[in-house]
1. Can you confirm whether the stretch A:67-85 contains a residue that is part of a strand (DSSP E or B) and within 14 Å of chain B (Cβ to nearest Cβ)?
2. Looking at the structure I just gave you, is B:Arg105 facing another protein chain (nearest Cβ under 10 Å) and at pLDDT 95 or above?
3. Have a look at A:Ser33, A:Ser49 and point out the one that is within 30 Å of B:Pro8 (Cβ to Cβ) and within 11 Å of the chain's Cα centre (by Cα).
4. Here are some residues: B:Val49, B:Val44. Which one is within 14 Å of chain A (Cβ to nearest Cβ), surrounded by fewer than 17 Cβ atoms within 10 Å (Cβ to Cβ) and of a type in the set (Val, Ile, Thr)?
5. Test of understanding: among A:Ser94, A:Ser67, A:Ser87, A:Ser80, which residue is touching a residue at least 24 places away in the same chain (Cβ under 8 Å), of a type in the set (Ser, Thr, Tyr) and more than 20 Å from A:Asp38 (Cβ to Cβ)?
6. For the stretch A:90-112, which residues satisfy the criterion of being in a strand (DSSP E or B) and more than 7 Å from chain B (Cβ to nearest Cβ)?
7. Out of everything in the stretch A:1-43 that is among the basic types (Lys, Arg) and touching a Ser or Thr at 6+ places or on another chain (Cβ under 9 Å), what residue ends up being surrounded by the fewest Cβ atoms within 10 Å (Cβ to Cβ)?
Amino acid sequence: NAGVTQTPKFQVLKTGQSMTLQCAQDMNHEYMSWYRQDPGMGLRLIHYSVGAGITDQGEVPNGYNVSRSTTEDFPLRLLSAAPSQTSVYFCASSSRRATEAFFGQGTRLTVV
Amino acid sequence: TQLLEQSPQFLSIQEGENLTVYCNSSSVFSSLQWYRQEPGEGPVLLVTVVTGGEVKKLKRLTFQFGDARKDSSLHITAAQPGDTGLYLCAGVSGNTPLVFGKGTRLSVIA
């Protein structure tokens with residue numbers, strides 16, 4: 001029972017590089033979201049999706065893109081990495097907006 | 001943006017002590033969730049409260065939702081080192097996505 005799987009777990013990027021953080025869930029959840037967690041800032045919502053083909057911006061969307069072509073996958077793309085994007089990124093899924101959110105183990109990203 | 005303020009930000013106590021952490025907002029929430037996060041892991045749901053005034057118990061943890069559904073508290077009785085972690089409250093209001101507080105980092109010393 002995998003739940004929410006994020007890859008990679010650790011990544012170091014140089015400023016200006018691009019990359020995609022992967023997120024997959026096997027619970028057939030419609031609702032998926034990406035958060036970043038910084039010291040003293042809690043979890044801040046980057047982007048979310050209420051179903052395949054539908055995405056929307058959260059609190060801190062700048063510098064990130066998402067797409068939702070399938071129910072299972074919700075990748076997060078960093079177009080041109082900046083040191084300010086150094087953070088721990090969490091993907092979460094839930095059956096509906098207000099129900100329990102299941103989180104992946106996170107991706108620790110460092111941009112140098 | 002609905003804000004959830006959690007207090008205290010940090011708490012360090014001895015094993016066996018009791019503690020309460022708070023989650024407050026000026027907004028009304030249709031439901032409020034409490035999560036615990038351990039180092040290197042994602043948050044895990046502890047409880048969801050939905051009704052104003054609701055009290056839920058999970059072993060030594062007692063959760064309360066305020067009558068006006070704007071605040072919540074988590075009380076731990078006889079804290080143990082295994083309770084150490086980051087406690088996050090998260091609320092749902094209207095059509096907005098789940099919004100999280102900044103968390104209370106609890107350390108229980110044996």
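1. So the first thing to find is which residues in the stretch A:67-85 are part of a strand (DSSP E or B), and the list is A:73, A:76-78.
Keeping just the survivors that are within 14 Å of chain B (Cβ to nearest Cβ) gives none.
Checked against the condition, which is being part of a strand (DSSP E or B) and within 14 Å of chain B (Cβ to nearest Cβ), the stretch A:67-85 yields no hits at all.
2. Numbers: facing another protein chain (nearest Cβ under 10 Å): yes; at pLDDT 95 or above: yes.
Judged against the criteria, B:Arg105 is a match.
3. Values: A:Ser49 fails: within 30 Å of B:Pro8 (Cβ to Cβ).
So the residue among A:Ser33, A:Ser49 that is within 30 Å of B:Pro8 (Cβ to Cβ) and within 11 Å of the chain's Cα centre (by Cα) is A:Ser33.
4. Working: B:Val49 fails: surrounded by fewer than 17 Cβ atoms within 10 Å (Cβ to Cβ).
The match here is B:Val44.
5. Values: A:Ser67 fails: touching a residue at least 24 places away in the same chain (Cβ under 8 Å); A:Ser87 fails: more than 20 Å from A:Asp38 (Cβ to Cβ); A:Ser80 fails: more than 20 Å from A:Asp38 (Cβ to Cβ).
Going through A:Ser94, A:Ser67, A:Ser87, A:Ser80 in turn, the sole match is A:Ser94.
6. Those that are in a strand (DSSP E or B) and more than 7 Å from chain B (Cβ to nearest Cβ): A:Cys91, A:Ala92, A:Ser93, A:Ser94, A:Phe102, A:Thr107, A:Arg108, A:Leu109, A:Thr110, A:Val111.
7. Of the residues in the stretch A:1-43, the ones among the basic types (Lys, Arg) are A:9, A:14, A:36.
When the remaining residues are screened for being touching a Ser or Thr at 6+ places or on another chain (Cβ under 9 Å), the result is A:9, A:36.
Working: A:Lys9: 11, A:Arg36: 24.
Looking at residues that are among the basic types (Lys, Arg) and touching a Ser or Thr at 6+ places or on another chain (Cβ under 9 Å), I get A:Lys9.
The values are calculated or read from the model by the stated rules, or taken from the named source; none is laboratory data. These numbers were taken from a predicted model, which means no experiment stands behind them. Quick reminder, even Gly has a Cβ in these numbers, built from the backbone with ideal geometry, and neighbours come from all protein chains shown.
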